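J.: Here it is, the structure in full.
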Amino acid sequence: MACEIFNAFEGCIEELANQRPSLHDLDTELLPVNAPKSKSLIEISGVAEAGKSKLLWRLMAHCLAPTYFGGRNCDLIFIDMRHKFDLEHFKKQIFHLVASSGEPCTDGELNMMLEKCLDSIHLLNCYTPKHFDAALETADGLLLKHSDCAMIAIDGLDAFYWLDTYEHRIRMQTHYARNVERVRQLCERHGICCAYTVDANYLGAKKTLGPPPFASSVNVEYRLQLQLGKNGERTLNGKPAEIIEDVLHIVKQQ
């Protein structure tokens, strides 16, 4: 009987996963056509101040905003481990999306939409490794309750490496691979995608373009690699990029 109940429960989870909304063509300037696929991972890497968090916020805005403004009108779970999230800066991501859509929008409509977008964020703040463990468990429960939740966003997947290695010595590469696998299992279980930021030094990619040295051992579908030059110039996957009013853009070539 217990086995039958368990199988029925897992069957319900699988059905919810199959019904979860798609994020295909979430942001075609940053990601390939039809991306991201369900159950996929988006790795956003770069050194400090490269713009990783802003890039994550941009994807979050595209997930939350109404479809007529180019968004996907979906809920998301935001696991904040860096605590850089700023409401006023995040609003600019929404404003940019609305302006880019060309759709008319009054101030009243914009404020209502902003309120709806913020209400659609399930925020989980983490300050220790144990908090992160609890956040993944909480996210599992939230995904059972919210079938319209289509993304998990994590700012700082590497945030607690030094706390973890203080208790149990572990290589950065191993720590990263384990965290990715934990997130992967959650995505596979619920048919959801995850976008997360990670420091390039943690990946061992400080001075090299292209995938990190051990990338082949870590399964990630999409990589957005930010580079920040000494002169302050940025690139995203080798293309010139800039931050204007807190929104990261690809510079269009003339």
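The values are calculated or read from the model by the stated rules, or taken from the named source; none is laboratory data. Since the structure is predicted, the reported quantities are computational estimates derived from the model, not experimental observations. Don't worry about glycine lacking a Cβ; one is built from the backbone with ideal geometry, like all the others, and counts go over all protein chains shown.
J.: Of the conditions (1) surrounded by 15 or more Cβ atoms within 10 Å (Cβ to Cβ); (2) assigned to a helix (DSSP H, G or I); (3) out of contact with any Cys (no Cβ under 6 Å at 6 or more places or on another chain), Phe132 satisfies every one except a single condition; which number is it?
T.: (3)
J.: Next question, about the same structure. Considering only the range 239-254, state which residues are surrounded by 10 or more Cβ atoms within 10 Å (Cβ to Cβ) and not in a strand (DSSP E or B).
T.: Listed by number, the residues that qualify are Glu245, Asp246, Val251.
J.: Return the residues of the range 42-85 that are among the polar types (S, T, N, Q), under 11 Å from Ala153 (Cα atoms) and part of a loop (DSSP other than H, G, I, E, B); say none if nothing qualifies.
T.: Residues satisfying the conditions do not exist here.
J.: Going residue by residue through the range 96-117, is there one that turns out to be farther than 18 Å from Gly70 by Cα, within 18 Å of the chain's Cα centre (by Cα) and in a helix (DSSP H, G or I)?
T.: Within the range 96-117, not a single residue is farther than 18 Å from Gly70 by Cα, within 18 Å of the chain's Cα centre (by Cα) and in a helix (DSSP H, G or I).
J.: Related question: Filter the range 182-204 down to the residues that are assigned to a helix (DSSP H, G or I) and farther than 22 Å from Gly46 by Cα and list them by number.
T.: Of everything in the range 182-204, those that are assigned to a helix (DSSP H, G or I) and farther than 22 Å from Gly46 by Cα turn out to be Gln185, Leu186, Cys187, Glu188, Arg189, His190.
J.: May I ask you to list pairs of residues, at least six apart or on different chains, whose Cβ atoms are under 7 Å apart, with the first in the range 96-111 being more than 15 Å from His249 (Cα to Cα) and the second being modelled with pLDDT of 90 or more and surrounded by fewer than 15 Cβ atoms within 10 Å (Cβ to Cβ)?
T.: Glu103/Tyr68
J.: Which members of the range 205-233 meet the condition of being out of contact with any helix residue (DSSP H, G or I) (no Cβ under 7 Å at 6 or more places or on another chain) and either in a helix (DSSP H, G or I) or at pLDDT below 85 (or both)?
T.: Hits for the range 205-233 are Ala205, Lys207, Thr208, Leu209, Gly210, Pro211, Pro213, Ala215, Ser216.
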